[in-house]
Amino acid sequence: MHQEVSLLATVAIGFVFAAVFGYLADRLRLPPLVGYLVAGIMMGPYTPGIVADAGLASQLAEMGVILLMFGVGLHFSASDLLAVRGVAVPGALGRILLATLLGIGLCSLWGWGLGAGIVFGLSLSVASTVVLLKALEEHNQVDSVNGRVTVGWLIVEDLAMVLALVLLPAFSGVLGGNADAADAATAGGGLAITLTIAITLLKVGAFTVMAIYFGPKVVPWILTLVARTGSPELFTLSVLAVALGIAFGSAEIFGVSFALGAFVAGVVMSESHLSHRAAADSLPLQNAFAVLFFVSVGMLFDPYVIIRDPLAVAAVLALIIFGKSLIGFLIVILLRFPISMGLSVAAGLAQIGEFSFILASLGVSLGLLPREGQDLILAGAILSIIVNPLVLLGGDWLQKAVHRKWPSLFEQYGKSKHDALSRELDRIRKISEDRNRQHQLEMQQLIETFPMFAQVDENSQEELLLLFRPKVASPGERVIRIGDRGDGMYFISSGAVEVQLEDDPVRLQAGSFFGEMALLSGGRRTADVIAVDFCQFLVLERRDFNVFMSKHPALRAAVSDMAKERKAMNVSRRKRKKSLDAT
Ligand code: CMP
């Protein structure tokens, strides 16, 4: 019982504090997440007043990371990354290497070991996905060439960190970590370490195979199946179940991190055309847990480290803001890409975030990183996130200044590579736009052929496209047999059928429907229906018909009016025939 109360208390206090401080931060024209971090600090053990349960908060934070990585995966386009790989891969890896070396150098100045240096350096080398994406969105830069290069660069950094998270425990024994916390096998010497690494890589390999071969088949299939039920909450639930299920399952079975599992779940889901709905559905929860993530990070932070060790904090901040930026800028320039790209990558990635916290706490738990190191990383993260808007402004200002001073250098340097990349990105965007257009066209055609669907909203039209089962028939084929149970309603997209009424048949063309009577009455088919041409039908099965029509009473009324009209027509025809027979 106590546990439940404290979970509730942690979440409630977390949300209330985060909302208040987030709002205040916004008023001060700072990113709201600065407010969330401050809320966490207020709830943490280092400040007077309320102290929330840090253990619970960190579990909630883990949930935030899972959802966050899932979101990154959903927006991740493999073709985009391939297009920008020329700058993103060498850039990210080169910068991680150099920034880690700088970190190791800084740590050796403080007399810390190599293990601490590596964890510290790695933590400082990776930028924050959340902060960058929010900044790009605010500046409308997500789709620009520089924006895409920055995002691609960041994804490579994230992937490298995922690998680091997997490999760090395996190496912690050699790096001087405490052997108990590290995997027991790694303490046994070189052979055992090789074995651990081999097993780790094997597991990651098996996971990759599963993700590449089965994921894209199974996940979109599940989503379509659930979308066909037409239940929005079931759809949201399934999206979350897939995200959390894959994250947890892959951590349990393959030993990869939750973060990687969730990221892959997102990538796999992005293959489905329902991905935008999945993204929209999971966004509110993602936002809520991301808030708790920042709150829990704030709770870990000891603000007095700034007073205790101002020089170290300043050094860390300088490394993050100036060191990393300079490295990033130089790599872009050396790769012969434009100055403007170098400056925007440098400014966009001049902060550290979620992965740094995860790495730092793993480093502490493995006994590699002193607590002091974690505090410095947290201080570096919080301060670099706070000053990020200023760094971005600085980047803009520098771009303008360089442009003014050396206009031809600014415009000409790296132009050919930039233009080639821009063309390639345009081509990719066109392909995805074409795919969207194709989908739009299908919807448009649906409405043109069956104007009755114009009265339902766009989401329901999409739902219909999912519900419809295509069916074909050749001339002479009996599509419906009189006296059978009604299994579905048929919409004719092309061709024609004849409803076999006693005297003369009624011909129905593309755009009409049949088979509604038995579904509405729950009784048997009232007539034979024969194809008189090559026909294409869209069939709404009985169960789907019932669910869909119950949600759209106006449509049901229209169909039912038509059925009544047809029935009346049949009755009067029968009467007429009887009287003709009698005479
Ligand atoms: P159902 O009874 O399910 O199966 C046979 C279908 O033929 C029926 O639904 C109607 O859709 C269709 N039908 C019956 N009478 C007419 C009619 N007079 N005009 C057009 N279609 C009809």
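The values are calculated or read from the model by the stated rules, or taken from the named source; none is laboratory data. Note that this is a predicted model, so its numbers are computed, not measured. Ideal geometry is used to build each Cβ from the backbone, glycine not excepted, and the neighbour counts take in all protein chains shown.
Taking the criterion of being within 11 Å of the ligand (Cβ to nearest atom) and either within 27 Å of S275 (Cβ to Cβ) or in contact with a helix residue (DSSP H, G or I) (Cβ under 7 Å, 6 or more places away or on another chain) (or both), would at least one residue in segment 505-516 satisfy it?
yes
Cβ-Cβ distance below 9 Å, separation of 6 or more or different chains: which pairs start in segment 336-348 with a residue that is β-branched (V, I, T) and end on one that is assigned to a loop (DSSP other than H, G, I, E, B)?
Hits for this filter: I339/W406; I339/Y413; I339/G414; V345/F337.
Mind checking which residues of segment 468-490 are part of a strand (DSSP E or B), within 11 Å of the ligand (Cβ to nearest atom) and farther than 12 Å from I530 by Cα?
Hits for segment 468-490 are R485, G488, M489, Y490.
So which residues in segment 6-44 are loosely packed, with under 15 Cβ neighbours inside 10 Å, at pLDDT below 90 and touching a Gly at 6+ places or on another chain (Cβ under 9 Å), if there are any at all?
D26, L28, listed by residue number.
What is the number of the single condition among (1) assigned to a strand (DSSP E or B); (2) more than 12 Å from the ligand (Cβ to nearest atom); (3) exposed (fewer than 14 other Cβ atoms within 10 Å of the Cβ); (4) not hydrophobic (A, V, I, L, M, F, W, C) that Q536 does not meet?
Here Q536 meets the rest and fails (3).
Given the residues S550, S521, which is the only one that is within 14 Å of the ligand (Cβ to nearest atom), surrounded by fewer than 18 Cβ atoms within 10 Å (Cβ to Cβ), without any contact (Cβ under 8 Å) to a residue 60 or more places away in the chain and among the hydroxyl-bearing types (S, T, Y)?
Of S550, S521, the one residue that is within 14 Å of the ligand (Cβ to nearest atom), surrounded by fewer than 18 Cβ atoms within 10 Å (Cβ to Cβ), without any contact (Cβ under 8 Å) to a residue 60 or more places away in the chain and among the hydroxyl-bearing types (S, T, Y) is S521.
Among the residues that make up segment 493-510, is at least one of them touching a Phe, Trp or Tyr at 6+ places or on another chain (Cβ under 6 Å) and closer than 11 Å to L538 by Cα?
Checked segment 493-510: no residue is touching a Phe, Trp or Tyr at 6+ places or on another chain (Cβ under 6 Å) and closer than 11 Å to L538 by Cα.
Exactly one condition in (1) within 13 Å of the ligand (Cβ to nearest atom); (2) surrounded by 13 or more Cβ atoms within 10 Å (Cβ to Cβ) is false for K564; which is it?
Result: K564 passes all but (2).
Could you count how many residues in segment 131-169 are assigned to a helix (DSSP H, G or I) and among the hydroxyl-bearing types (S, T, Y)?
So the count comes out to 1.
Within segment 134-157, which residues are at pLDDT 85 or above and farther than 18 Å from P338 by Cβ?
The answer is L154, V156, E157.
Would you be able to tell me the number of residues in segment 86-128 that are surrounded by fewer than 21 Cβ atoms within 10 Å (Cβ to Cβ) and within 17 Å of A160 (Cα to Cα)?
8
Quick one: what pairs do we get from segment 372-400, first residue closer than 21 Å to Y36 by Cα, second surrounded by fewer than 24 Cβ atoms within 10 Å (Cβ to Cβ) and basic (K, R), C-beta under 8 Å, 6+ apart or different chains?
Short answer, once both residue conditions are applied: P389/R29.
Among G22, G40, G103, which is over 22 Å from V264 (Cα atoms), within 24 Å of the chain's Cα centre (by Cα) and in contact (Cβ under 8 Å) with a residue 60 or more places away in the chain?
G22
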